[in-house]
Structure formats: C-alpha cells, structure tokens
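Heads up, the thing below is written out as structure tokens.
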Amino acid sequence: MVALAARMVARARLPFGRARPVMPGWLAALAAEEAGGAALWLPVAFGAGIALYLALTQEPDPRLGAVVVLLALGLLLAGRAIAPLRAAGAAALAMALGFAAIQARANLAAVVEPLPPRAVVLEARIADVVALPQGQRATLADAMWEGRTTPLRRTLRLRLRAGDPAVLQPGERVRVRALLRPPSAPAEPGAFDFQRAAFFGGAAGFGIALGPVERLGSTSVAEATGLSGWFARLRRDVVARTRAVLPGPDGAIAAALLTGQQSGIGAGDAQAMRDSGLSHLLSVSGLHIGIVMGTLFVVLRLLLALWEWAALRLPIKAMALVAGLAGGGFYMGLTGAEVPMQRSFLMAALVVLALLAGRNAISLRALGLAALVVLAIRPDALASASFQMSFAAVAALIAGFEALRGRLPRWLERAGPARRVLMVLAGLVVTSVLASLATAPYAAFHFQRASLYGVAANAVAVPLTSFLVMPAGMLAMLLMPFGLEWAALVAMGYGCRAILVVAHAVAAWPGAAPSLPAMPMWGLLACTLGLVLLCLLRTRLRLAGLPLFVLGMLSPALHVPPDLVVSADARVIAVNHGGQMFYARAQGASLFALEVSRRRAGDPPPVALACGLPFCRVGEIAIVPQGPAPASLCGAVPVIVGHEPLRMRCGGSVVIDRFDVWRDGPHAVWLHPDGALVVSDRAARGDRPWVPPPRLARGALPLAATE
C-alpha cells in the first residue's frame with residue numbers, strides 16, 4: 001500500500017508542462033521495488049479492522065459489518081483497472097472483512113446470563129480437568145441448578161476443594177454445591193479486560209466448590225469419546241504419569257512442555273521464568289512444535305534411508321515430512337490448540353507444502369497467510385498477548401533471516417569447523433536478541449515488566465530444551481503405552497531442573513526484571529507500526545519504522561498514572577502521592593486491584609493507611625472510612641472518596657463512593673490545577689456485549705420503560 005501510493009504520487013502530472021516526478025528518482029525507485037510486497041499488508045489491514053471494532057465504545061449496528069464489506073468490494077471493483085485504486089480497494093476490503101469477522105463472532109456468541117448471587121447445587125458435565133499445586137480445577141459445561149430450565153450455554157471454571165478425592169474424567173456428569181461469580185471487571189480503567197476475554201472465550205464465570213464433588217457417571221458415548229474429550233483425558237493421563245515419575249518442580253515443567261498445562265508450576269518458579277525471560281518456553285508454540293516435527297522428520301527419514309528397499313523405491317523425504325506434520329498436529333491437539341500453536345502448525349503445514357513443491361519454505365507470505373487464517377477463526381485473538389508476541393517474534397526472525405540470506409552462504413563457504421561452531425552460537429544469540437526486541441513492547445504493555453538478561457538465559461535454556469528436554473519428552477510419550485516412560489522422563493527431568501536453575505540464577509541478577517509504568521495504547525500502536533515497517537518493507541524505507549519503534553518503547557516514561565484508583569467494590573482505595581502508593585483497605589478486600597495499580601504505576605512502594613473517623617487526607621484527596629462525610633470537606637479538597645455510600649453532594653468536590661463503583665465499575669482520577677478528571681470503567685469501555693448493563697437501584701425502571 002505504501003509503495004503503490006508512492007508510485008501513484010510519483011506518476012502524477014503537474015498542471016502544466018510534461019509529466020515530471022514529484023519526488024526524487026531514488027525514492028521512486030525504492031517505491032517501485034516495494035510494490036511487489038503489497039500483499040503482505042493485507043493481514044495488517046485485516047487486523048486493523050478487528051482493532052477498530054474492539055476500540056469502539058458503542059456497539060455498532062449488527063448489519064454494519066456486511067455493509068462495509070459490500071462498500072469495500074464495490075471500491076475494489078470500481079478501481080480494478082487502476083493499480084493504486086486496486087490496492088486501496090484491496091486494503092479496504094481486507095479491513096472491512098476483519099471488522100465483519102469480529103462483529104459476527106460477537107453477534108454469534110452465547111448471551112451472557114447472570115449467575116445466582118447465592119450458593120447453589122449445580123449439575124454439569126466435565127469438559128476438562130487441570131491439576132493445581134493444591135487441588136483441581138474443572139471446566140464445566142451444560143450447567144444446571146435449581147430454577148434453570150435450560151443448560152447454561154457458557155462454561156464455568158470451578159476450583160475444587162483442596163483434598164477432594166474425586167478423580168474426575170472429561171465427559172462425566174457431576175453434582176456439587178458451589179458459589180459462582182461472573183468475570184471481574186478490569187482492576188482499573190484501561191487494565192486487562194477479563195470480561196471481554198471471557199465473552200469471546202465462551203466462559204460464564206468461575207466458582208468455588210463448597211463441598212465434595214459427587215460423580216454421576218458419563219452422559220453419553222459421544223460426549224465421553226469425542227475428539228476434544230479424548231484429548232482432554234489423554235492430557236490428564238500424561239500429566240498424572242509425568243508427575244508420578246517427577247513429583248517435584250521439574251515434573252511441573254515437564255508436564256507443561258508435554259501438555260501445555262502450566263497450572264502445576266509453583267508461583268516462585270513461574271516468577272523466576274518470567275523474570276529471566278524464559279517464560280516463552282512454558283507457552284508451547286513454534287519452538288516446541290518445530291522440535292517435535294524436526295525430530296520426527298530426521299528420525300523417520302534416517303530409518304527409511306537405512307532400509308534399502310524403501311530408500312530406492314519410496315519418496316522417503318516426502319513421507320518423513322508428512323509424518324512430521326501429523327506428529328505436529330497431534331501435539332497441537334494434546335496441548336489444547338491455543339493461538340500460538342495454531343499459528344505454528346499453520347506455518348509448519350505451509351513449510352511442508354513448500355518443501356514438497358520445491359518452493360521457498362520460510363517467508364513472510366506464509367506468516368501472513370497463517371495470521372489471516374488464525375484471525376479468521378479467532379478474530380478476538382488479536383488482543384491477546386500470546387498472538388501479539390508470537391507473530392511479532394516470528395516476523396522479526398523471518399525478516400532477519402531474509403536480510404542475511406544472501407550473506408550466510410558466503411560466510412559458511414569460508415568458515416572452518418571452529419568458525420562454524422561460533423556462527424551457530426552467534427545465530428542463537430542473534431535469534432534471541434531479535435525475538436526479545438520484537439516481543440519487548442507487548443511484554444511491557446501487558447505485564448509492565450522487562451527481562452534484561454533474557455539473551456543470557458536463553459543461550460543456555462533453548463539448547464537444553466531443543467536437544468535434551470523435548471526429545472526426551474517425545475520418547476517418553478512413545479514409551480507410555482508400554483509403561484516405560486520413566487526411562488525417558490528421568491533424563492527430561494534433569495533438563496527441566498537445569499532450566500529452573502538457570503531461571504532462578506538469572507532472575508537473581510541485579511535489575512533482572514525492572515518494573516515499567518503502563519505503556520499507553522498509542523505507544524503499543526507506534527511499536528507495532530514500526531515493527532511492521534521494519535519487517536515488511538524490503539528497502540531502506542524500512543528504516544522509517546525504527547524511530548516509531550523507539551518512540552513506542554519510550555512511551556511508558558510519558559505515562560501519567562492516576563492519582564486515585566477506586567476498586568470495583570470500593571474496598572481498596574489507592575492514592576499515588578510523592579512517589580509512593582498509599583492505600584486504604586476495607587475488611588474482606590482483595591489486594592489484587594492494588595497490585596495491578598502498582599504495576600501500572602511503575603511499582604511504587606506501598607504504604608498502608610489506617611484511616612480513622614471521620615476521614616484521613618493524602619495530598620488533595622480525602623478518604624472517608626464510613627459515612628457520612630463532614631460537610632466541611634466540600635470544596636476544601638478536590639476529591640472525596642469512601643468505602644461506603646457517602647450520601648452527599650458537593651458543589652466544589654468530586655465525590656466517589658460505593659454507589660458509584662457499583663453502577664459504573666472501578667474509577668480512576670487525575671488531579672489537574674483546573675479540576676479533577678474522573679474516568680470510570682464504564683466510560684472507558686462503553687456499551688459493549690461483554691460489559692454488564694448499568695445497575696439500577698431497587699425499584700428503579702430502565703429509561704425505556706419510562707418513555
């Protein structure tokens with residue numbers, strides 16, 4: 001698109017005289033060279049359409065997606081004879097299709113139904129079971145409880161009581177007394193949207209079992225033996241047999257690598273993996289499926305080559321490639337087919353097809369096609385950290401490989417054995433650096449952390465994973481039907497233990513994982529556009545993406561955290577003042593919202609407040625533990641906030657109490673010399689299908705009922 005637009009400008013005629021280029025010849029030449037990569041921008045436009053829908057604060061008309069697709073198609077057909085208009089029409093159509101895809105998925109999603117406010121005895125079907133460090137967590141489908149006439153269309157995640165002896169299997173029905181809760185609102189305006197993730201993920205909420213689980217048996221053969229149920233049972237068996245051989249932390253890492261279930265990893269080990277930059281090893285994706293498929297390909301091709309009859313008569317390379325792809329598909333199903341695995345498997349399938357056809361196997365076109373397929377199936381995945389980090393890392397690696405493609409053969413021709421070893425090690429370092437830089441903005445945006453020593457940790461952990469841990473895990477899977485998995489799991493456990501040692505050692509280095517203030521959305525967009533320009537453009541024009549990327553990475557330094565954050569239940573009130581975070585906590589409050597606010601503010605030291613009656617004051621903010629608030633506060637301070645309903649109106653002060661957050665969710669306040677800027681969660685997210693409707697006081701009628 002950029003190149004074609006530049007070409008159109010270059011060919012424009014002046015109002016007098018003969019046609020002259022309106023830009024220098026060297027720039028026109030670069031633009032012409034870029035024209036061949038215009039198709040790479042179609043996935044970008046498709047994603048832009050999805051992002052546009054997610055950014056809206058008002059739900060558009062359900063027919064809007066179809067309308068914009070038709071309009072864009074008309075533009076494409078009208079300008080098909082003119083290259084610039086054809087490119088603009090194609091981009092508009094891709095963007096419209098992205099918008100229509102996410103809108104259709106939202107319109108077809110099951111309606112979010114309210115959950116009972118009190119404990120209920122529910123019956124449901126087990127869809128999946130995950131082992132936790134303490135107890136189990138079950139995903140329930142088709143839930144029913146007293147008063148319901150139809151099964152719940154959405155799933156529930158239920159945490160069982162610690163020590164519950166029930167051994168649950170996917171497909172069977174259970175009965176349990178539980179307390180259910182809907183997904184939480186964002187901890188503060190602009191924070192992670194749990195309700196949107198649950199809406200597109202098909203979840204109704206979560207629950208806590210208040211009693212033991214009663215097993216009622218399997219519901220039907222189809223539910224008990226379906227493909228998803230079969231993979232769920234296999235996943236559970238693999239985890240159980242792995243933990244039986246490796247009961248310690250190394251077994252939890254091994255189970256995560258084999259099945260994708262990270263819930264058994266202890267909090268300390270998970271934090272060390274994140275701080276050292278090794279958490280990507282736990283999220284099964286391209287590295288893992290590449291090892292699985294590569295190992296299967298090499299082993300099977302070697303075995304077939306040793307069989308003289310097959311080597312002379314059969315296409316052993318093609319057979320090994322197809323077998324490796326089948327093994328990758330099985331591994332994807334075993335690990336739950338999450339977005340990174342979908343992308344990796346699609347890329348692997350395209351690589352196999354390219355090799356069978358004798359074409360270039362690794363290219364940005366293949367990555368773009370994989371992105372289009374993933375987004376067409378799960379358009380909401382665009383907003384997830386896994387999608388963003390996965391595609392960013394692979395795009396950077398492919399672009400880096402293509403930039404060095406012409407030089408690598410020459411370097412290898414002149415290199416001796418020692419130099420070849422050094423080049424392999426340097427390649428590992430360069431790969432780690434490229435992937436770390438490409439994923440850094442998304443880690444900063446979603447997690448407010450940076451891993452400064454990830455290159456050093458990955459230089460040791462990635463070879464361990466590639467040459468010891470994953471091959472041993474594959475051998476263990478092959479030996480499990482014979483009960484001999486222990487022979488391979490012991491070796492896998494040693495490798496996992498070494499990875500944990502590296503993670504804890506690197507995480508303990510000074511400043512290993514500094515906290516960052518929240519990256520603003522414009523900073524993430526700047527980084528993304530800069531990365532896209534750097535990866536997709538082929539000439540020196542790609543350097544235009546570098547200042548954009550740097551500007552986005554510096555954007556957290558420009559972030560101004562709110563001076564006041566009030567949680568969704570008003571039980572936690574946090575005030576940023578003087579480089580510290582002062583907080584007042586009511587009885588029974590969870591500190592999760594406080595931790596989120598601290599991370600987004602750059603992790604200032606917390607200071608607990610013991611507010612006494614009638615109020616306490618932090619800077620320009622007055623905190624009232626219990627109402628009523630003194631009338632003298634009105635106009636004396638810009639903001640008055642309370643844990644309970646204050647039942648007061650102040651002409652000179654902003655008042656936020658439990659009624660306000662009950663209606664509109666968490667509140668954030670920025671103090672300015674000319675007044676206070678108040679942003680509620682409802683104002684930030686607007687009227688969307690995943691945002692609960694405004695609550696009304698008892699006896700009040702909706703606006704439509706009064707008209």
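All of the numbers you see were taken from the coordinates with simple rules; none came from a lab. Small disclaimer: the values here were computed from a predicted structure and weren't measured. Here Cβ is always computed from backbone atoms with ideal geometry, including for glycine, and neighbour counts include all displayed protein chains.
Considering only Pro417, Ala435, Leu591, and ranking their Cα positions along the charge dipole of the chain that arises from unit charges at the beta-carbon of Lys, Arg, Asp and Glu, the one farthest toward the positive end is Pro417.
Relative protection proxy for 267-276, 476-485, from highest mean packing down: 267-276, 476-485 (other beta-carbon atoms within 10 angstrom).
The ranking of Leu75, Leu302 by Cβ neighbour count inside 10 Å, starting from the fewest, reads Leu302, Leu75. Between amide H atoms placed 1.01 Å from N, distances below 5 Å from Val607 occur with Met581, Phe582, Tyr583, all of them 5 or more places distant or on a separate chain. Rg/Rh, computed from the Cα trace of region 242-507 with Rh as the Kirkwood radius, has the value 0.96. In region 138-237, the DSSP beta bridges split such that about 70 percent are antiparallel, to the nearest 5.
Judged by the ratio a/c of the largest to the smallest principal axis of the C-alpha gyration tensor, region 243-381 counts as oblate, that ratio being 1.5 or greater while a/b is no larger than b/c. Over the chain, what is the relative contact order in percent, taking alpha-carbon pairs closer than 8 angstrom and at least six residues apart? So the answer I get is 11 percent. Using θ = phi - 60° in the Karplus curve 6.51 cos²θ - 1.76 cosθ + 1.60, the 3J(HN,Hα) couplings for region 378-393 round to 10, x, 5, 5, 4, 7, 8, 5, 5, 5, 5, 6, 5, 6, 5, 5 Hz; x is entered for Gly and Pro.
Neighbours of Glu146 by Cβ distance under 14 Å: Lys/Arg scored +1, Asp/Glu scored -1, total +3. Share of antiparallel DSSP beta bridges in the chain, in percent to the nearest 5? Counting only bridges with both partners in the chain, antiparallel ones make up about 75 percent. Converting phi to 3J(HN,Hα) with the Karplus coefficients 6.51, -1.76 and 1.60 and the offset θ = phi - 60°, region 364-372 yields 5, 5, 5, 5, x, 5, 4, 5, 4 Hz in sequence order, with x at every glycine or proline. Taking a ≥ b ≥ c as the square roots of the eigenvalues of the Cα gyration tensor of region 353-487, is the shape rounded (a/c under 1.5), prolate (a/b larger than b/c) or oblate? Rounded, since a/c falls under 1.5.
The residues Arg243, Arg419, when put in order of fewest to most other Cβ atoms within 10 Å, stand as Arg419, Arg243. In the chain, taking the dipole from charged Cβ atoms about the Cα centre, the farthest positive-side position among Thr139, Gly294, Ala272 is held by Gly294. Using θ = phi - 60° in the Karplus curve 6.51 cos²θ - 1.76 cosθ + 1.60, the 3J(HN,Hα) couplings for region 423-428 round to 5, 5, 5, 5, x, 5 Hz; x is entered for Gly and Pro.
With the simple model of a label 7 Å out from the Cα in the direction of the Cβ, Ala326 to Trp509 spans 4.4 nm. Summary of the geometry: region 533-547 and region 479-523, compared by the centres of their Cα atoms, lie 34 Å apart. Projecting the Cα atoms of Leu534, Asn458, Ala39 onto the charge dipole of the chain (Cβ charges, centred on the Cα centre) puts Ala39 farthest toward the positive pole. Normalised by the number of residues in region 564-685, the mean separation of alpha-carbon contacts (under 8 Å, six or more apart) gives a relative contact order of 23 percent. Potential lengthening of the chain between Cys616 and Ala39 amounts to 201.6 nm, from the contour at 0.36 nm per residue minus the alpha-carbon distance. If amide H atoms are built 1.01 Å from N in the plane of the peptide, which residues on other chains or at least 5 residues away come under 5 Å of the amide H of Leu216? Those lying under 5 Å, H to H, from Leu216 are Arg173, Val174, Arg175. Amide H to amide H, with H built 1.01 Å from N, Phe206 comes under 5 Å of Arg157, Arg181, counting only residues 5 or more places away or on other chains.
A protection proxy built from the mean count of other Cβ atoms within 10 Å ranks the segments 605-614, 637-646, most packed first, as 637-646, 605-614. When only alpha carbons of region 120-225 are considered, Rg and Dmax amount to 14.2, 46 Å.
Given the choices (1) 1.14; (2) 0.95; (3) 0.99, Rg/Rh (Cα atoms, Kirkwood Rh) derived from the coordinates of this structure is entry (3). Between Leu525 and Ala349, the contour length at 0.36 nm per residue exceeds the Cα-Cα span by 60.3 nm. With +1 on each Lys and Arg Cβ and -1 on each Asp and Glu Cβ, and nothing else charged, work out how big the dipole of region 242-507 is about its Cα centre, in Debye to the nearest 20. The calculation lands at about 780 debye. Ordered from longest to shortest, the equivalent ellipsoid semi-axes for region 564-685 are 20, 16, 15 Å, each the square root of 5 times a Cα gyration tensor eigenvalue. Here the dipole of the chain is about 1580 debye; that uses its Cα centre as origin and unit charges on the Cβ of Lys and Arg (positive) and Asp and Glu (negative). Each stretch of four or more DSSP H residues adds -39500 (n - 2.57); spread over every residue of the chain, this sum gives -16000 deg cm²/dmol at 222 nm.
Net length available on complete extension from Glu113 to Thr149 is 11.6 nm, with 0.36 nm assigned per residue and the Cα-Cα distance removed.
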